[in-house]
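Accompanying notes for the structure given below.
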Amino acid sequence: MPKVFVTDGYWHKTLSVVRSLGEKGIDVSVGESTRLSTALFSRYAKRRVIYPSPKRSPDEFLDFLEKELKKERYDVLITPEESTLLLIAKNIKRFEGLTKFPFAEHNLISKASDKAETIKNAKGIGIPIPQTIFINDIEELEKKTADIDFPVVIKPRMSSGSYGIRYIKNKNELISSYKEVHSKYPFPLIQEYIPQGGDAFGVSCLFDRNTQLKAVFVHKRLREYPITGGPSTLRESVVNDEVKELAVKLLSSIKWYGVAMVEFKVDPRDNKPKLMEINPRFWGSLSLAIYSGVDFPYLLYRMAMGEGFEPVTTYKTGLRSRYLLPGDIMHFISNPERFKMKPSFFKFFDKKTKDDIISLKDPLPTIGRILSLLTLLYNKDMRRYLKERN
């Protein structure tokens, strides 16, 4: 039986990976730095491993991973979370010959993670972007922002989700807020704010080592948390050839390998989709792609094992997935229009909507997710996550 080791068991996207592979009869082991982790509760996790924190103890984690791979002889190593992915990719020579690691090289992941590099590259190849100011010296800040229009958004160059993002309404806020974000995330971008009213899309892709597209999927965001801009909590599978072609063009231009998701937001002023960022890893809405017929984890596994397959470019549309615990609940609480939302928050039994976690076939991760929220009280990594998300 083929064996796969999956890191980062805390996250619901990891649960999607574990379920996808486990349902195919693959022997899946799952690791995380805390026992209260969603994916560790899955019936498809044949083995559960607690390892040192990749963030707080990277050397100990790498030592553990090397021993684990030597001992258990896994066919493939899959890493859904970006910080862990970067750490392993940077030290990949330690694991050569021990397993297959179907992800891009460290330098390429870092380049794709850097919003400044992404925006500059997109502009150079004709992909629409928000107006962006790049600051390379803090002394340039007042001069470069003297004539800008508000509101604007301050975005860290290297972050995921809503970490470090600030929405600025006037000049008085800009300088102090920029310096505060800069102290944690050096030289963030300053971008024009794209007004509400346009749809937001995510384009998920899988490329082989020859930069040939092996799978593609498009979803539209319906809700997110934080409501001002953050990970999606409800989304729908759609066809949008314009954003698909833009995403494929962008990833092809950097010779991407593995999985990635590119985000766009339609500007209602000119009806053009503007590039937001590249997520050079598995994404939170992964379950929707699988539900719709594009099984990225299994396709990535097959590609790693050297199996050939025709590109997967068609899928079911009009399906939805929901991240209820706690994402959509938090959206409901924070949305002043909570009782007017369409679709309604209380639409729990829609036959075309599946939850990212809640499942009768695999019920224990629901309990695991509820318990995992307790780690925010004692685990340093998770407390950092909560603080930055707020």
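The values are calculated or read from the model by the stated rules, or taken from the named source; none is laboratory data. This structure is a prediction, so every number in the text was calculated from the model and none was measured. For neighbour counting, all protein chains shown are included, and Cβ atoms are generated from backbone atoms with ideal geometry for every residue, glycine included. Only protein heavy atoms, including side chains, enter the accessible area calculation; ligands, DNA and RNA are left aside. Shrake-Rupley method; radii C 1.70, N 1.55, O 1.52, S 1.80 Å.
Data table
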| read-out | value |
| --- | --- |
| Charge dipole magnitude, Cβ of K and R +1, D and E -1 - the chain, Cα centre, debye nearest 20 | 860 |
| Rounded tilt (10° steps) of 380-389 against the dominant C-alpha axis of the chain | 30 |
| Centroid-to-centroid separation of region 357-372 and region 31-90 [C-alpha atoms, Å] | 20 |
| Residue-count net charge about A116 - beta-carbon cut-off 13 Å; Lys, Arg +1, Asp, Glu -1 | +3 |
| Alpha carbon centroid spacing (whole Å) that separates region 109-166 from region 199-263 | 20 |
| Radius 10 Å from Cβ of D8, net charge of other residues (Lys, Arg +1; Asp, Glu -1) | -1 |
| Per residue accessible area of the chain, 1.4 Å probe, in Å² | 46 |
| Exposed-loop-free span, longest in the chain, where GluC sites (Glu not before Pro) count as exposed if DSSP calls them loop and at most 10 other C-beta atoms lie within 10 Å | 97-306 |
| FRET efficiency, I333 to Y193 (Cβ-Cβ, R0 30 Å, nearest 0.05) | 0.80 |
| Extended-chain gain in nm, criterion 0.36 nm per residue less alpha-carbon gap, F134 and R56 | 25.0 nm |
| Per DSSP, loop trypsin sites (Lys or Arg not before Pro) in region 86-171 with at most 13 further Cβ within 10 Å | K169 |
| Cα gyration tensor category, rounded, prolate or oblate, for region 73-229 with a/c compared to 1.5 | prolate |
| Top positive-direction residue, dipole computed over the chain with Cβ charges, set I125, G327, P188 | G327 |
| Scaled radius of gyration (Cα, divided by 2.2 N^0.38 Å) that the chain gives | 0.96 |
| The chain, accessible surface, carbon-and-sulfur percent (1.4 angstrom probe) | 51 |
| FRET efficiency for E180 and L371, using Cβ-Cβ distance with R0 set to 35 Å, rounded to 0.05 | 0.55 |
| Dipole magnitude of region 180-326 about its Cα centre (Cβ charges: Lys, Arg +1; Asp, Glu -1), debye to nearest 20 | 200 |
| Per-residue [θ]222 nm for the chain (sum of -39500 (n - 2.57) over DSSP H runs n ≥ 4, rounded to 500) | -9500 deg cm²/dmol |
| Region 288-301 - phi-based ³J(HN,Hα) in whole Hz, Karplus 6.51/-1.76/1.60, Gly and Pro as x | 5, 4, 5, 4, 7, x, 10, 8, 4, x, 6, 5, 5, 4 |
| Region 51-167 - charge dipole about Cα centre, Lys and Arg +1 at Cβ, Asp and Glu -1, debye rounded to 20 | 240 |
| Gained length - D208 relative to E307, 0.36 nm times residue gap less alpha-carbon distance | 34.5 nm |
| Gain on full stretching of the segment that runs from A146 to D270 - 0.36 nm per residue minus C-alpha separation | 42.1 nm |
| Value of Rg to Rh for region 177-272 (Rh from inverse mean 1/r over Cα pairs, i.e. Kirkwood) | 1.02 |
